[in-house]
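Asker: Have a look at the structure that comes next, please.
None of the figures in this text is laboratory data; all of them are computed from the coordinates on show. As the structure is a prediction and not an experimental result, all values here were calculated from the model. Please note: Cβ atoms are built from the backbone with ideal geometry, for glycine as well, and neighbour counts cover all protein chains shown.
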Amino acid sequence: MTVVVGIYCRDGVVIAADSALTINGVIEEAYLKKIACLADDLVVGFAGDLGFAQRFRQVAKDIWDNPDRSQIGPDEFHKVIESFSTNGILEFLKYVRPTDSINIPSAFVVGFAHAGRHHLCMLPNGNFQPMVINENLPFCSLGTGHYLTNPFLSFIKKVFWSGESCPALPVGIFSAVMAMNLAVDLNAGGINAPIHVAVLEKKENTYLCRKLHEDELSAHQENCKEALSYFSKYSHFFDRENIKNAPYIPKMGL
């Protein structure tokens, strides 16, 4: 069981992943390179099988290095996303029989900057059809552990995003770290620590992709512990006299 998370922020994107590695359908030991900054303005994270992930990274890098990409208009970023999907499928088809159905064994979250704006998309395993992640759908989880991280992210969004459709980058990092931590705690051994995080961050008029250092992650880990500690204190409210003496919830009649 592995998972990768993407969060669209007002000033960049966040991608986080666990360290469980899948080879030939079997979860192996921790692997620390599930997120890669392929360029200053391109970051890719994956969950699933390592073999295709290695090939797709080269596909994405080739797309990014292609000079024809400069001809894509500012409002045509969807063409960039479509190229990730189309070229990824073509790469997969090189190694299967023409009669085989498309069932790509890896899932990806891709963050990139185009014409001065940042974008995030997900490419799920299986049919590899892309989906845009933006202020209308600000986060995603992919991999076999997505059913854990998606509910956690929904809860974190409701509690910590102050009603905003998408957070500032520091809140996005905190959200990704907390969701991954909770998933690791709930499914230890399937979703493996340590987690690793990369951001595509806007700096003045340009974007920079970087992986978070251990000291940065440690600060967010402490914030997560403090938040959970605060929640745990809510249980004291149940000790109030009016709560203790409250009647049981009545059964519904037929």
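Asker: Rank-order 218-228, 83-93 by packing density, defined as the average count of other C-beta atoms within 10 Å over each peptide's residues, highest first.
Answerer: Output ranking for 218-228, 83-93: 83-93, 218-228.
Asker: Can you tell me the relative contact order of the chain? Whole percent, Cα pairs under 8 Å, sequence separation 6 or more.
Answerer: Reported as a whole number, the value is 28 percent.
Asker: Checking the a/c ratio against 1.5 first, then a/b against b/c, what shape does the Cα gyration tensor give for the stretch 4-157?
Answerer: The shape class here is oblate.
Asker: For the stretch 79-208, what mean projected area does the convex hull of the alpha carbons give, in nm²?
Answerer: 9.6 nm²
Asker: How much length is gained if the chain between Y147 and A168 is pulled fully straight, taking 0.36 nm per residue apart and subtracting their Cα-Cα distance, in nm to one decimal?
Answerer: Extending this stretch completely gives an extra 5.1 nm.
Asker: Can you show me the helix-derived [θ] at 222 nm for the chain, built from DSSP H runs with n ≥ 4 at -39,500 (n - 2.57) apiece and divided by the number of residues, rounded to the nearest 500.
Answerer: The per-residue figure over the chain is -11500 deg cm²/dmol.
Asker: Using R₀ = 41 Å, calculate the FRET efficiency as 1/(1 + (r/R₀)^6) where r is the Cβ-Cβ separation of S101 and D40; round to 0.05.
Answerer: Approximately 0.65, to the nearest 0.05.
Asker: Modelling each spin label as a point 7 Å along the Cα-to-Cβ direction, I'd like the W161/M131 distance in nm, to one decimal.
Answerer: Result: 1.4 nm between the two label points.
Asker: If you stretched the chain out fully between W64 and L93, how much longer would it get, using 0.36 nm times the residue separation minus the C-alpha to C-alpha distance?
Answerer: Fully extending the segment from W64 to L93 adds 8.3 nm.
Asker: May I pose another question? Label-point separation (nm) for N205 and A193, each offset 7 Å from Cα along Cα-to-Cβ?
Answerer: Taking the two extended label points, one gets 4.4 nm.
Asker: Given K158/K225; K61/K203; K79/K158, which pairs have Cα atoms separated by over 26 Å?
Answerer: K79/K158
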